[in-house]
1. Is it possible to state the helix-based mean residue ellipticity at 222 nm for the chain, with each DSSP H run of 4+ residues giving -39500 (n - 2.57), the sum divided by total residues, to the nearest 500 deg cm²/dmol? What is it?
2. Would you mind telling me the share, in percent, of accessible area of region 145-282 contributed by carbon and sulfur at probe 1.4 angstrom?
3. Can you grab the distance from the C-alpha centre of region 350-398 to the C-alpha centre of region 181-219, Å, no decimals?
4. Using 20 Å as the cut-off for backbone N distance, which residues of region 31-66 belong to the label zone defined by a point 7 Å from the Cα of Glu309 along Cα→Cβ?
5. What's the carbon and sulfur percent of region 312-357's accessible surface, probe 1.4 angstrom, rounded to a whole number?
6. Would you mind computing, in nm to one decimal, how far apart the modelled labels at Glu169 and His234 are, each placed 7 Å from Cα along Cα→Cβ?
7. Of all the stretches in the chain, which is the longest one without any exposed loop site, taking GluC sites (Glu not before Pro) in a DSSP loop (any state but H, G, I, E, B) with at most 14 other Cβ atoms within 10 Å?
8. Is the C-alpha gyration tensor of region 211-290 telling us rounded, prolate or oblate? Criteria: a/c under 1.5 is rounded; beyond that, a/b larger than b/c is prolate, otherwise oblate.
Amino acid sequence: MELNTAQALQHPIATSDGENAFGIYLHWPFCMAKCPYCDFNSHVRHQPVDQERFAAAFNREMETLRERTGPRTVTSIFLGGGTPSLMQPATVASLLDGIAKRWSVADNIEISLEANPTSVEADRFRGYRAAGVNRVSLGVQALNDRDLRRLGRLHSVDEAKVAIGLAREIFPRLSFDLIYARPDQTIEDWRDELKEAISLAADHLSLYQLTIEEGTQFYNLWKAGKLVTPEPDHAAALYEETQRVTAEHGLPAYEVSNHAVPGRESQHNLVYWRYGQYVGVGPGAHGRFIENDTRTVTITEKHPETWLERVENTGHGIVEQEHLNGNQQGDEFLMMGLRLREGVDLRRYQRLTGHTINEDRLNRLIEQGALERMNDDFIRATPAGSLLLDAVVADLSL
C-alpha cells in the first residue's frame, strides 16, 4: 500500500502540543503469558478476571483523580498493559464512558489500544471500534516464527498478518511493534524483515532494540551465558539501517524508536515526549499533572488485586507521589524531548526551571557531535547523541 501525507490527513486528530494537551493512560495488567524479555507490570491469572469489578475500580480511581486535576479537556487516551485486548469490548466501553463522564473529551481525540495479534483477540476488534477506539497498536515483535517462539510470543506470523489486515480494515489508524537486535540477526535479515513490515504497515511502526532488563527471564539466561545478544557495534549498525530504510519508504523516525507517515505520529506518546500532562489509572500506572500550580507525580500499587482492594477501600491505588521542583522538571523535559527529532524549546526549559541552560556545556556537547542547534531557541540530539541521552542530559544539568 502506498503511504502518503494525504492519507494521513484523512483522519485529523487533536495535536499534543506539550503545554495544553492532556492525556489519560489506563493500565490493564493481565497477560496470557509473561514474555521472557518483558519488565512491564504484567501478570498472568489462571482463573477468569472479574472484569466488571476491575472496571468499577478504574472508574472509582478516575473519580478521585478528577477531583485532583479539575476540569480538563482530554486530547488522547491510551489503553496499555499487560494486554488490554484481553478485555471484553464492554469493559473498554465502560472505561471510555467513565472518562467522558468526568472530563471533557476533544471531538478529534486519539484513543489507542494495545493488542496482541492472536485470532481470539482480533475477533474483538469490531467491538473495540464501536466502543470508541480509533487506533490500535499490535505487539507483532517479529515476522518469522522462529524468533516469535524465542521471544515467547503466542501468535504465529500468519496470525499476525491476519490481525494486521483486520486492524487496517476496522481502525482509522494502526501501528505495530517489532523488536530487532535479536540473537543471530544479521543486517540483511533485518532489512528484509523491515521492508516486509513496511509493506504491511498503514502509517506507524515502533521499532525497538532488544534490551536485557533485570528481573526478566532473558536477564537470567544472559547472565548464565545462555543468551548472546549482538555486540554494540552490530546493534548500532542495525539501528542505522532502521533509520535509513524507514526514511526511504516514507516512515521517517520522529522519535528514537518510532516512525510514522508525517501526520500519523502517536499523539498520546507525544504527550509524554513533549512533557505534557497525563493521568495514570490502574495497577502500576504513573501520572504527571499540574495540581495547585505544581507538577505532581503519582504512582499506583502494582499488584492488581492489592490495587483493587485499595481503590475499593480508599478511592484510589496511589502509593507514591512527589511534587517536582523546577530543576527536576527541566531534567525530565530534556530527557523526554531530546528523544524527538523536532527537538526541545529552550524557552520552555527556562519557564520550567527559572534559568537558562549553561551555554558552555551546550556548546561543548554541540562540538562533540551530541547535540545540534535548529535555531536560536531549539536544540535536538544528533543520531549519535540520541543513543547517549542519559549522559547528555546529565552534562547539561550539571
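The values are calculated or read from the model by the stated rules, or taken from the named source; none is laboratory data. Fair warning: this is a prediction, and the values are worked out from it, not measured in the lab. Note that we place each Cβ from the backbone using ideal geometry, even for glycine, and neighbour counts take in every protein chain shown. All accessible areas refer to the heavy atoms of the entire protein, side chains included, with ligands and DNA or RNA removed. Shrake-Rupley method; radii C 1.70, N 1.55, O 1.52, S 1.80 Å.
1. On the way: 17 runs with 165 residues, N = 398.
Roughly -12000 deg cm²/dmol at 222 nm, from the helical runs in the chain.
2. Working: 2730 of 5580 Å².
After summing per-atom areas, the C and S share lands at 49 percent.
3. The two parts, judged by their Cα centres, are 29 Å apart.
4. 42-61
5. The C+S portion of the solvent-accessible surface of region 312-357 is 44 percent.
6. 4.0
7. Details: sites that count: Glu2, Glu19, Glu213, Glu214.
After excluding every exposed loop site, the longest remaining stretch is 20-212.
8. Values: a/c = 3.37, a/b = 1.16, b/c = 2.90.
Here region 211-290 falls in the oblate category.
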